[in-house]
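The block underneath contains the structure these notes are about, expressed in structure tokens.
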Ligand code: NAP
């Protein structure tokens, strides 16, 4: 009998994992996206889009679809869906496993300032005008309107609509991965003095961190939120190994 797997996605790893499982006769896989981006990347398995209505809603969905393994492969900063997933697994009795990239660690030459929140990142920019590169989701940019003295370069997957009310902002609409050499050129072209980013982990968005080190640019990193304590692995390969020894089907 096949395992029915629901992958909560929205990350490069979720997509890569779905690709690895797509042709495997042991598994029937569905990928769930929040529906935040207007043109999501193509996925190798069937996709459903939109929220479930909290933990209860997700638990009901797991039961209704006969899901036998829940994989939380959401972004490490998507804390609410991870909490809901852990709770839904408990309510429904469906085993859960999380795929969580480990965070980047500082290396010699890095100039990191770690802060707790986007609001703290705005404060950490300081009172004097600076050229800042913001690589946050467009939903998280509003607090920067409180610091209109800075010049902003903003990169997001979807256009920032409406734009920020600050007088000096340039917008880039791009999806990673981003290479170090291209990131270094971007930082130089825009004379960037400071980057504001999340500690996403993984290689796809590390280019800017390496480029910042190369050029001596400060990075304000927003700390990761607390995530629920569930069984977890760090890589797609580890997840495949976990699935090789998946709990047997109860039916
Ligand atoms: P969040 O705050 O943790 O979740 C907010 C709500 O969105 C959840 O309660 C859930 O709604 C819905 N949701 C989130 N992920 C979902 C999924 N994969 N499938 C179905 N519903 C989902 O999440 P977020 O930070 O807004 O992130 C949204 C999505 O973007 C996630 O899938 C995440 O992997 C991806 N993403 C996030 C970031 C980031 O920095 N936060 C970066 C890159 C990608 P209900 O309660 O109604 O079920």
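If you check residue 87 against the conditions, is it out of contact with any strand residue (DSSP E or B) (no Cβ under 8 Å at 6 or more places or on another chain) and over 26 Å from residue 237 (Cα atoms)?
No, not satisfied.
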Checklist (1) at pLDDT 95 or above; (2) part of a loop (DSSP other than H, G, I, E, B); (3) surrounded by fewer than 19 Cβ atoms within 10 Å (Cβ to Cβ) applied to residue 172, failing item: (2)
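Does residue 128 satisfy the condition of being more than 12 Å from the ligand (Cβ to nearest atom), surrounded by 14 or more Cβ atoms within 10 Å (Cβ to Cβ) and under 30 Å from residue 189 (Cα atoms)?
No.
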Qualifying residue in the range 156-171 (condition: within 16 Å of the ligand (Cβ to nearest atom) and touching a residue at least 40 places away in the same chain (Cβ under 8 Å)): yes
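Does residue 145 fit the bill of being touching a residue at least 12 places away in the same chain (Cβ under 8 Å) and either more than 14 Å from the ligand (Cβ to nearest atom) or buried (at least 20 other Cβ atoms within 10 Å of the Cβ) (or both)?
Details: touching a residue at least 12 places away in the same chain (Cβ under 8 Å): yes; either more than 14 Å from the ligand (Cβ to nearest atom) or buried (at least 20 other Cβ atoms within 10 Å of the Cβ) (or both): yes.
So residue 145 fits the description; yes.
Got a sec? Which of 219, 160, 233, 196 is under 30 Å from residue 87 (Cβ atoms) and in contact with a helix residue (DSSP H, G or I) (Cβ under 6 Å, 6 or more places away or on another chain)?
Working: 219 fails: under 30 Å from residue 87 (Cβ atoms); 160 fails: under 30 Å from residue 87 (Cβ atoms); 196 fails: under 30 Å from residue 87 (Cβ atoms).
Exactly one residue qualifies, and that residue is 233.
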Failed condition for residue 41, given (1) in contact (Cβ under 8 Å) with a residue 40 or more places away in the chain; (2) in contact with a strand residue (DSSP E or B) (Cβ under 9 Å, 6 or more places away or on another chain); (3) closer than 25 Å to residue 225 by Cβ: (2)
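The values are calculated or read from the model by the stated rules, or taken from the named source; none is laboratory data. Predicted model, so just to flag it, every value in this text is computed and none were measured. In this analysis, Cβ positions are derived from the backbone assuming ideal geometry, glycine residues included, and neighbour counts consider all displayed protein chains.
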